[in-house]
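The next block holds one structure in the form of structure tokens; read it before the comments.
Just so it is clear, none of the values below were taken in a lab; they were calculated from the coordinates. Worth saying up front: this structure is predicted, and the values here are computed from it rather than measured. Note that we place each Cβ from the backbone using ideal geometry, even for glycine, and neighbour counts take in every protein chain shown.
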């Protein structure tokens with residue numbers, strides 16, 4: 001027998017000793033425990049101590065009066081048994097005060113409270129695990145340089161002598177708004193809700209506009225100067 | 001009267017075996033008062049000893065025993081024989097005792113202290129035995145109720161652990177563990193008094 005088996009047999013015998021002492025252990029468990037005891041002096045000593053404990057009791061008979069108690073009980077045998085409904089209600093103390101009901105050890109409302117908490121936690125967990133795709137795009141924060149944010153923007157340059165008032169009129173008439181600029185090269189970034197190509201065409205029609213190109217969308221035809229080798 | 005006594009004596013004999021007890025319960029279900037009285041007389045002392053470890057009040061012990069056996073009278077027809085009669089009755093008594101003790105909130109005193117000094121210097125074996133019984137009594141009173149109940153059902157009512165598990169409505173491993181801890185605690189409380197004795 002391996003050391004582990006021997007330890008398990010000892011643990012089993014230790015737990016079973018009380019029922020070996022009272023004679024109710026039976027079957028293969030009895031055989032295993034008896035076999036273990038043959039080789040285990042500690043268990044034999046424990047069994048001897050348990051026999052002594054068994055012999056030491058039971059304590060003196062209680063001073064209860066059998067005849068008196070029986071005489072009181074016999075008339076009750078004829079009384080009808082209590083109705084089932086009050087019997088099931090009996091364990092619940094009637095008319096308890098609200099303080100008692102709110103006591104932390106009152107299992108009834110604790111169960112309800114714990115159930116509600118579980119529900120709230122489940123809802124919060126579901127919200128946490130939900131894919132982020134459902135968020136409305138319009139409310140999302142975007143920086144100017146972000147890809148989607150840049151959609152619909154154009155770059156435009158004006159003649160250097162164009163007055164600021166004229167510049168604003170041209171932009172507004174084209175259906176765009178100024179999103180940034182001027183850059184170091186004098187270009188302005190425009191934003192538009194409409195199609196950038198259409199807006200760019202409108203802008204190009206203005207004599208004060210020297211360049212108008214959409215920044216996103218289908219690639220615009222390269223400016224003639226850039227297409228040259 | 002003598003005839004009734006003889007019939008009662010005959011019926012009491014039935015209460016000495018598990019099969020006889022089951023037969024008595026069958027007769028009780030049919031309303032046989034003699035059978036009930038025989039079962040009552042057989043169980044009054046057994047339940048009394050069992051309950052004595054839970055409460056020192058004789059009046060409360062009598063009340064719980066009467067409650068238990070009144071339930072036996074009323075529910076005898078529901079006893080299906082799937083367990084022993086003793087297991088069934090002790091389970092009722094245990095539940096009633098727990099409820100009654102909860103209701104009165106009675107502390108269980110360590111018994112035997114007042115008896116300690118009575119035979120203080122008698123060195124004979126009888127006295128030693130008695131002294132050990134008192135020491136065990138006091139040590140048992142110091143155990144938690146669940147451990148004490150499992151202990152006394154094992155040692156003083158000779159029940160198997162499946163029966164005790166049924167009475168206390170818990171798994172058998174819980175009973176084994178309770179008894180294991182009860183023994184460890186008793187060994188400490190009795191402090192070597194169980195060693196070196198025949």
Would you kindly give the portion of the calculated P(r) for the stretch B:2-104 that falls above 23 Å, as a percent of all Cα pairs? 26 percent
When you look at the Cβ of every residue in B:168-177, what mean number of other chain Cβ atoms sits within 10 Å? 1
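Quick one: order A:170, B:13, B:28, A:178 by neighbouring beta-carbon count within 10 Å, fewest to most.
B:13, A:178, A:170, B:28
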Note to self: Kirkwood Rh of the stretch A:154-214, Cα pairs, one decimal, Å, is 11.1 Å
What nm distance separates the two modelled labels at residue A:210 and residue A:5, each placed 7 Å from Cα along Cα→Cβ? 9.9 nm
Mean Cβ neighbour count within 10 Å, used as a protection proxy, ranking B:75-84, A:186-195, B:45-54, A:160-169 highest first: B:45-54, A:186-195, B:75-84, A:160-169
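Give me Rg/Rg_expected for the stretch A:8-56, where Rg uses Cα atoms only and Rg_expected = 2.2 N^0.38 Å with N residues.
Compactness ratio reported: 1.04.
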Taking every residue in A:45-54, how many Cβ atoms of other protein chains lie within 10 Å of its Cβ, on average? 6
Ranked from fewest to most other Cβ atoms within 10 Å of their own Cβ, B:57, A:174 fall in the order B:57, A:174
Shielding score for B:151-163, defined as the mean number of other chain Cβ atoms within 10 Å: 5
